[in-house]
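Please treat every number below as a calculation from the coordinates, not as lab data. None of these values were measured; they are calculated from a predicted model. In this analysis, Cβ positions are derived from the backbone assuming ideal geometry, glycine residues included, and neighbour counts consider all displayed protein chains.
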Number of protein chains: 4
Amino acid sequence: MQPKRILALTTGGTIEKSYCESDGTISNRESILHANLVQRLRLPHTQLEVCEIMAKDSLQMTDSDRQAISQKINEQSTGYDGIIVLHGTDTMEHTLRYCYKQTAEPPIPVVFTGAMKPAGFEDSDARQNVTEALLAAQILPPGLYISFHSQIFPAPNVRKNKKRLTFEPTGD
Amino acid sequence: MQPKRILALTTGGTIEKSYCESDGTISNRESILHANLVQRLRLPHTQLEVCEIMAKDSLQMTDSDRQAISQKINEQSTGYDGIIVLHGTDTMEHTLRYCYKQTAEPPIPVVFTGAMKPAGFEDSDARQNVTEALLAAQILPPGLYISFHSQIFPAPNVRKNKKRLTFEPTGD
Amino acid sequence: MQPKRILALTTGGTIEKSYCESDGTISNRESILHANLVQRLRLPHTQLEVCEIMAKDSLQMTDSDRQAISQKINEQSTGYDGIIVLHGTDTMEHTLRYCYKQTAEPPIPVVFTGAMKPAGFEDSDARQNVTEALLAAQILPPGLYISFHSQIFPAPNVRKNKKRLTFEPTGD
Amino acid sequence: MQPKRILALTTGGTIEKSYCESDGTISNRESILHANLVQRLRLPHTQLEVCEIMAKDSLQMTDSDRQAISQKINEQSTGYDGIIVLHGTDTMEHTLRYCYKQTAEPPIPVVFTGAMKPAGFEDSDARQNVTEALLAAQILPPGLYISFHSQIFPAPNVRKNKKRLTFEPTGD
């Protein structure tokens, strides 16, 4: 059995925010995907590569950032079996729709995820969401999705529910 | 959006073994699924019910145990969107094939999983495997599977690799 | 053997900061001492009471806050075998000296502690520091101390070392 | 300020038992003190050396094992500010008394500790007990002690309470 080749694109967002002990702030610095999340998972059947595109709070993302993400997805979608994208939750739906307008039918599953609480917290949902996204990127049909809290939301009809602190389909 | 109804059947196995501080042994007592695993996951879109069938090391399972598991799966497969089965790894493939012989094509996804290390250990693979199985039971097509270490193995061609401490397809 | 009666006074500080998933900020809200720290310790020989005085970043503490802390310590020092005080690290030395000026020789050990990283982080030093302070408040001679990173600093000659992210004696 | 020089002698016991994924047993293999416990503590003021004497369930310790421990303590007590000894709980009191008969008044604090649950479990008391013992070995007067669950028990009048799963003074 060939290992599945998965590409993880990191862009920042709450999931990757870390705490600075010198100034007491919590913000996006370097990607925490490998050190905090991937090394605790057992992935003997998966060949995972991590590519850090940017490290931004998604409220500060511009269309040129979204263009960079979309372009990276399109460039890489022939070399992998699936792609996951770590992204802030506040504008994840916008980036998803941006990518959807560029390429509504990618040749592989492209799965966005993030977290409501930074990965370094004991009760963060980061590890759950990344675990799920990694599996989803292997078994879903080709397409663009958000994977969050054990639920798959196909693009483009999905939005963050700020009250329930999770995602939901639009039209609900 | 209706929440997905998932049934978790627990049978014991390494994943559910716990430590007794009085006698220093590690063994299957009560199910740890709810207390140790499920309550740490965020499942706002999932309606999960847990049913403890037995609490056995899978090396001690008999055919009548397997019959009980198979029967429970068949009885319950109309009331849920998916079923996960917690099971010891040593004979998981045997129970899977037993169920497969009884009902090769269940109407919903039925996903077996377990762990190489009991759930109470900090570096256990239990939480990862249960997280994956819960998602797999929602998005896989109907059928019988083992989900383990971010990989899906459809019944019946799967076996434990005792050296690599994971599962693999037979014929590899 | 009588259980030791220990009073924990909480004032806020980094150790007690928590993350708000709605607005993404990290700040002092309610005391996390009981839920996050004490309930994970085994204290069969200790009778611990928690009293929340305030919930402030110590950079925002005023002399009237320090007066309130000092007064509480003096009032309670006859009813307990020891007192621990959770406090922000930035002005812990000032509050310690404030209390020292009011009462240089309390009748029981009074042990200040805090953390460089909020208690909710997996790699926080909060649990270590609280564990040590609870023991120190039982076995040190009467007096005012900071306990931090497995070291005891008697009042008043102690200060935070912002570069090394720990405390040190003055004069070093 | 000179860092305190602490020697940690490891002998095995529940605290150091680890799980073997191949055969499903839990037993004393190599010392877990450094990898599992010490590297998570912040010890900027402490110079800690670890010396593995043996790796035994304390029920299997013989008098010649106890002699080896006692001899090591005596040999090393001039080069350190304090010694901690990791030991199984079942016969910790016997080894303590053995050492006490050999040398009732060592020149430094010698603090025995262990755990009711192996260090690898999420809810183990190992980290708490080691954290406390490391501090106790710096601030207690010279002598032989058991430190356990935030309590100090001077030699020789201490025993395990198998029902309460902790230690207690004899004569209580």
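Compute the relative contact order of segment D:90-172 as a whole-number percentage, counting only Cα pairs closer than 8 Å that sit 6 or more residues apart in sequence.
30 percent
Where does the charge balance sit around residue B:117 when Lys and Arg score +1, Asp and Glu -1, over other residues with C-beta under 11 Å from its C-beta? Before the final figure, lay out the partial values.
On the way: positive: A:42, B:17, B:127; negative: B:122, B:123, B:125, D:21.
With Lys, Arg at +1 and Asp, Glu at -1, the net is -1.
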Distances over 17 Å make up what percent of all Cα-Cα pairs in segment C:93-158?
40 percent
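Under a Cβ-only charge scheme (Lys and Arg +1, Asp and Glu -1), can you give me the dipole magnitude of segment C:52-126 about the Cα centre, in debye to the nearest 20? Could you put the intermediate results ahead of the total?
Values: 6 positive and 12 negative charges, 54 e Å.
So the magnitude is around 260 debye.
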Cα-centre dipole for the protein assembly as shown with unit charges at Cβ (Lys and Arg positive, Asp and Glu negative), debye to 20
0 debye
Using the number of other C-beta atoms within 10 angstrom as an exposure proxy, rank D:98, D:19 with the fewest first.
D:98, D:19
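How big is the Kirkwood radius of segment A:34-144, worked out from every pair of different alpha carbons and given in Å to one decimal?
Working: mean 1/r = 0.0689 Å⁻¹.
Computed over Cα pairs of segment A:34-144, the Kirkwood hydrodynamic radius comes out at 14.5 Å.
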Quick shape check on segment A:1-95: root eigenvalues a ≥ b ≥ c of the Cα gyration tensor, a/c under 1.5 is rounded, otherwise prolate if a/b tops b/c, else oblate, and it reads oblate
Can you work out the Karplus-derived ³J(HN,Hα) for every residue in segment B:54-63? Use 6.51 cos²θ - 1.76 cosθ + 1.60 with θ = phi - 60°, whole Hz, and x for glycine or proline.
7, 9, 10, 4, 5, 5, 9, 6, 10, 5
Check residue B:17: other-chain or 5+ apart residues with amide H under 5 Å from its amide H, H built from backbone geometry?
B:119
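I'd like the FRET efficiency for residue A:27 and residue D:39, computed as 1/(1 + (r/R0)^6) with the beta carbon distance as r and R0 of 30 Å, rounded to 0.05. Intermediate results must be reported in sequence, preceding the final value.
Values: r = 26 Å, r/R0 = 0.88.
Efficiency computed from Cβ-Cβ geometry: 0.70.
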With residue D:41 itself left out, Lys, Arg at +1 and Asp, Glu at -1 over residues whose Cβ is under 12 Å from its Cβ give 0
If I take every Cα pair under 8 Å that is 6 or more residues apart in segment D:1-150, average their sequence separation and divide by the length, what percent do I get for the relative contact order?
28 percent
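Provide C:34, D:45 in ascending order of the number of other Cβ atoms located within 10 Å of each residue's Cβ, fewest first.
In increasing order of surrounding Cβ atoms, one gets C:34, D:45.
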Taking only C-alpha pairs under 8 Å that are 6+ residues apart, what is the relative contact order of segment B:1-59 in percent?
53 percent
Excluding same-chain residues fewer than 8 positions from residue C:56, which lysines have a Cα within less than 16 Å of its Cα?
C:17, C:117
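Tell me, rounded to the nearest percent, the portion of alpha carbon pairs in segment D:27-75 spaced more than 13 Å apart. Please report the intermediate quantities before stating the final value.
Values: 788 of 1176 pairs.
For segment D:27-75, the share of Cα pairs beyond 13 Å comes to 67 percent.
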Just to check I understand the Karplus step: with θ = phi - 60° and J = 6.51 cos²θ - 1.76 cosθ + 1.60, what whole-Hz values come out for segment C:119-136, glycine and proline as x?
4, x, 7, 4, 9, 5, 8, 5, 5, 4, 5, 5, 4, 5, 5, 4, 6, 4
FRET efficiency for residue C:163 and residue A:170, Cβ-Cβ distance as r, R0 = 45 Å, nearest 0.05?
0.35
Chain C Cβ-axis minimum, rotational copy B, residue and distance in Å:
C:122, 5
Could you give the dipole magnitude of segment C:72-172 about its Cα centre, charging the beta-carbon of Lys and Arg +1 and that of Asp and Glu -1, in debye to the nearest 20?
320 debye
Apply the Karplus parameterisation 6.51 cos²θ - 1.76 cosθ + 1.60, with θ equal to phi minus 60°, to every residue of segment D:90-95 and state each ³J(HN,Hα) to the nearest whole Hz, in sequence, with x for glycine and proline.
5, 10, 4, 5, 5, 5
Partner shielding of C:35-41, as the mean number of partner chain Cβ atoms within 10 Å, equals 2
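Taking 22 Å as R0, compute the FRET efficiency from the Cβ-Cβ separation of residue C:101 and residue C:52 and round it to 0.05.
Details: r = 24 Å, r/R0 = 1.11.
The calculated FRET efficiency here is 0.35.
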So who's got an amide H within less than 5 Å of the one on residue B:85, skipping anything under 5 residues away but keeping other chains? H placed 1.01 Å off N, in plane.
B:9, B:111, B:112, B:113
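What is the mean number of Cβ atoms from other protein chains located within 10 Å of the Cβ atom of each residue in peptide C:142-150, rounded to a whole number?
Average neighbour count from other chains, rounded to a whole number: 3.
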Residues of type lysines that residue A:4 reaches as a straight line, Cα spacing below 21 Å, ignoring anything fewer than 8 places off in the same chain
A:72, B:160, B:163
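Counting DSSP beta bridges with both partners in segment A:96-172, what percentage is antiparallel, nearest 5? Before the final figure, lay out the partial values.
Working: 8 of 12 bridges.
The answer is about 65 percent antiparallel.
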Take every residue in peptide D:22-30, count the Cβ atoms of other chains within 10 Å of its Cβ, and give the average of those counts.
3
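In the protein assembly as shown, what % of DSSP beta bridges are antiparallel (nearest 5)?
Values: 46 of 130 bridges.
Taking every DSSP beta bridge within the protein assembly as shown, about 35 percent pair in antiparallel fashion.
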Beta bridges by DSSP in chain A, antiparallel share as percent, to the nearest 5
35 percent
What aspartates and glutamates could a cross-link reach from residue C:162, if we take a straight Cα to Cα line under 17 Å and drop same-chain neighbours fewer than 8 places away?
A:21, A:23, C:57, C:90, C:93, C:125, C:172
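Would you order C:165, D:96 from fewest to most other beta-carbon atoms within 10 Å of each residue's own beta-carbon? Don't skip to the answer; put the middle values down first.
Numbers: C:165 16, D:96 25.
Exposure proxy ranking, most exposed first: C:165, D:96.
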